[in-house]
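Structure first, then comments.
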Amino acid sequence: VALDGIVAYKDTIIPSIAGMKNAYSDLTYDWYIDNVFVHTGKTYTVESSDVGKTLKVKVTGSHPMGLGSVESAGTIVAKAQQIAHPEVPELLSKTDFSFEITTVATQEYSIDNENWQTSGVFENLDPNEEYTIYSRILENDLYLLGESTDVLTVATERRPISGKVIISGTPQYGKTLAADVSGVIPTDSTFTYEWRSNGVVIGEGSTYIVTEKDIRKGIILVLKGSGDYIGTLSSAPVSA
C-alpha cells in the first residue's frame, strides 16, 4: 500500500493498493498521524494540525482469502499551495522620486518582481516613470509562498528644476547671448529656452543674437522643464 505523490494540507488522500496481494473488498483503512490513530475510512482529508507531521495508513484484510494487514511508508504532510489572491493596494502619495501604497501584513511587494519588501514605500525612483507593482502572499504555517501578481501601476511625478540660469555674453546689437545653465539642478535636466523682451518671446534655443529692435530693452531668458522635468526658471534681465 502506498500514499502516492505529495500529501499536503486540505488534500483528500486515497491510498494505492495496486501492489497488495490478495486485496479483496473486505478491507479496513486506519490512518495515523505520528503513529497516533486519527481516522478509519478509505479516504483521509488532511487537517491543519497535520502539517509537518508523518501520515501513514494501515490496511487490514478480513476476507478469508486475504487476512492480515500492511502499512504504507510514512509521508511528511506538506503545506498547501497558496490559493488566495493578493489584495490590490491603493496609492497613498507620490513624488518625482518615490511613492507609497497601502499594505497588508500577509503580503509583500516589488517593482521588479525580484526584490521584495513588506513596506509600501518605494524610493530612489526615476521621474515621470511608470512602475508596475507586484504582490504575493507570504508563506505561513499552512500555505506556501503565493504566486506573484501585478496589482497596481503607478507613474512618478515629473522632477522640478531649480537653481539659477544666467545670460552670458555682451548685450549689444549683433552680439550673441548664451544660456549659462551650470547652476541648474538636477544637472541632467531637460528644458526649453525662451528669450523674452517686454513679455514677448523673441527667440528660442540656447543662444540669441541681439537685434536692432532689442536696443534699450530688457532681455530675459526663461527655462521651462521638458520631458521628465517640470518648472520654470528666469534669468536676471540684461539691457542692450
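crowded, with 17+ Cβ neighbours inside 10 Å, in contact with a Gly (Cβ under 7 Å, 6 or more places away or on another chain) and not aromatic (Phe, Trp, Tyr), is that true of GLU108?
So GLU108 fails the test.
Quick check, is SER197 over 26 Å from ASP126 (Cβ atoms) and open to solvent by 70 Å² or more (accessible area, probe 1.4 Å)?
Numbers: over 26 Å from ASP126 (Cβ atoms): yes; open to solvent by 70 Å² or more (accessible area, probe 1.4 Å): no.
In short, no.
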>> Pull out all pairs, ordered by first then second residue, where Cβ-Cβ is under 8 Å, the residues are six or more apart or on different chains, the first lies in the range 218-234 and is closer than 9 Å to SER189 by Cα, and the second is among the aromatic types (Phe, Trp, Tyr).
In response: GLY225/PHE191; SER226/PHE191; TYR229/PHE191
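Does at least one position in the range 155-174 carry a residue that is open to solvent by 60 Å² or more (accessible area, probe 1.4 Å), among the polar types (S, T, N, Q) and in a strand (DSSP E or B)? Can you show your working first?
So in the range 155-174, the residues open to solvent by 60 Å² or more (accessible area, probe 1.4 Å) come out as 157-158, 160, 164, 166, 170, 172-173.
Add one more test, that the residue is among the polar types (S, T, N, Q), and what stays is 170, 172.
If we keep only those that are in a strand (DSSP E or B) as well, we get none.
No, every residue in the range 155-174 fails to be open to solvent by 60 Å² or more (accessible area, probe 1.4 Å), among the polar types (S, T, N, Q) and in a strand (DSSP E or B).
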> Can you tell me which of THR132, THR60 is assigned to a strand (DSSP E or B), open to solvent by less than 50 Å² (accessible area, probe 1.4 Å) and within 30 Å of ASP188 (Cα to Cα)?
Replying inline: THR132
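Which of the residues belonging to the range 176-209 are over 20 Å from ILE230 (Cβ atoms) and touching a strand residue (DSSP E or B) at 6+ places or on another chain (Cβ under 7 Å)? It would help to see each step written out before you state the result.
Of all residues in the range 176-209, those over 20 Å from ILE230 (Cβ atoms) come to 176-178, 180, 182, 195, 197-200, 202-203, 205, 207-209.
Across the range 176-209, the qualifying residues are THR176, LEU177, ALA178, ASP180, TRP195, SER197, ILE202, GLY203, GLY205, THR207, TYR208, ILE209.
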>> Against the condition open to solvent by less than 70 Å² (accessible area, probe 1.4 Å) and touching a strand residue (DSSP E or B) at 6+ places or on another chain (Cβ under 7 Å), how does SER98 come out, does it pass?
In response: yes
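Could you list, in sequence order, the residues of the range 179-217 that are assigned to a loop (DSSP other than H, G, I, E, B), out of contact with any Lys or Arg (no Cβ under 7 Å at 6 or more places or on another chain), in contact (Cβ under 8 Å) with a residue 24 or more places away in the chain and β-branched (Val, Ile, Thr)? Walk me through how you get there before you give the answer.
First, pick out the residues of the range 179-217 that are assigned to a loop (DSSP other than H, G, I, E, B): 186-190, 198-199, 205-206, 210-211, 215-217.
Subset that is out of contact with any Lys or Arg (no Cβ under 7 Å at 6 or more places or on another chain): 187-190, 199, 205-206, 211, 215-217.
In the following step, the residues that additionally are in contact (Cβ under 8 Å) with a residue 24 or more places away in the chain were identified as 189-190, 206, 211, 215-216.
Of everything in the range 179-217, those that are assigned to a loop (DSSP other than H, G, I, E, B), out of contact with any Lys or Arg (no Cβ under 7 Å at 6 or more places or on another chain), in contact (Cβ under 8 Å) with a residue 24 or more places away in the chain and β-branched (Val, Ile, Thr) turn out to be THR190, THR211, ILE215.
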> Among the residues of the range 76-83, is any at pLDDT below 95, in a loop (DSSP other than H, G, I, E, B) and on the phi < 0 side of the Ramachandran plot?
Replying inline: yes
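The values are calculated or read from the model by the stated rules, or taken from the named source; none is laboratory data. Here the structure is a predicted model, which means the values were calculated and not measured. Cβ coordinates were reconstructed from backbone atoms using ideal geometry, including for glycine residues, and neighbour counts include every protein chain displayed. To get the accessible areas, we keep the full protein, side chains included, count just its heavy atoms, and leave off ligands, DNA and RNA. Shrake-Rupley method; radii C 1.70, N 1.55, O 1.52, S 1.80 Å.
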